[in-house]
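Have a look at the structure below, then the notes.
What follows is calculated from the coordinates using simple rules that are stated; it is not laboratory data. Bear in mind the structure is a predicted one, so any value in this text is a computation, not a measurement. Positions of Cβ are generated from backbone atoms using ideal geometry, with glycine treated the same way; all protein chains shown enter the neighbour counts.
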Amino acid sequence: MWRRARLPLLGLFGVALALVVSRDVGAQSPAAAHTIRMATLAPRNPVMVRGVARWNQQLAAATDGRLQVRVYWGGQMGDERTVVRKMRIGDVDAASLTSSGLSLIYRPVLALQAPGIIANYRQVDAVREQIGPELQRGIEGEGFGLLGFGDSGRIRIFSREPVRRPQDLRRMRPWVPRTDAIFRHFLAVVGATGVPLSIGEVFGGLRSGMIDAAPGTALAVAGLQWFTSVQYCTAQGDGFLVGGLVVRRGFLDQLSEADRRALIDVSAQNHQRTIQSARQADERAYEALQRHGITPIDVEAHRAEWEDTARQTRQRMSGAVVPAELLRRVEAVAAAAR
């Protein structure tokens, strides 16, 4: 019954959370029978806190206070690999994860993040609607409940020096998330060498010069303060940051049917509003970063090079990272929605 739930992400590169509550807003009830221990890499954000406080109030009302959420912000529970491991052993109940994090549970999810396929939100929605259900079943088969896929902004490359064409990355030290299997292939096609770091190490890496370029959304760069160490970003992005909110099956099985249904229904009520809020917030963050002094670099003159690099990356992924047939279907759905 719970598998029909949908809850999007609102967030940063670690994928911030739409279903969380801050202890300082007074929305938690000490008498709750079940507390969802939820991990996110996202730092506290006032906008999110207000939105999720409302969500938590609705949840408390729907369950007569039996169900509450306790969020562990800013990577307190570790990086995505650590969080997934903790969920498997029952130390964490839920987490908002990027596609890279979800791939640690069910690897074919990376088809949603393949470069050069999705250029606008119509395509994001179409792929999620048509391909999402089978990926959800795959995640559930691994012992997790998916409360929903979401997206949290357009991916751009932020850097200390202008990046106009893929080969510019060869002379740079770009960050590669430790759990990322796609950008690593992208850099291999380019002939560049990435620096693997956890998301918590990126701020210090940019400060020290260990890295000088990082893929991410405007929300991530703003919220995680990376903008203090970069001066440029690509004006055009190559895809969107997607992810999902997962709950371990063992926790869901503890809930009564009524409380499980309340979790599903209240989540669904906030679904579309949260998606739109995340998209608007990313656009506002991009504009704010420009006011702060980050200069967008137009890469359209080299669009053919970017597309060719993306195509070669997908070829490397096909069969090795995600099933070839699944990747072809994602491409077909996105092309039809263009």
Legend entry - Cα-based Rg and Dmax for the range 142-252, where Dmax is the largest Cα-Cα distance (Å): 15.3, 48
Legend entry - Between the range 181-196 and the range 226-282, the alpha-carbon center distance in angstrom: 27
Inset, instruction - List the equivalent ellipsoid semi-axes of the chain in whole Å, largest first, each obtained as the square root of 5λ for an eigenvalue λ of the Cα gyration tensor. - result: 33, 22, 17
Legend entry - Between helix 46-62 and the chain: long-axis angle, C-alpha atoms, 0 to 90°, nearest 10: 30
Inset, instruction - Kindly put Ser208, Ser152, Ser198 in sequence by how many other C-beta atoms sit within 10 Å of each C-beta, fewest to most. - result: Ser208, Ser198, Ser152
Inset, instruction - Note the angle between two axes, namely the Cα long axis of helix 324-336 and the longest principal axis of the Cα atoms of the chain, as a number of degrees from 0 to 90, rounded to the nearest 10. - result: 90
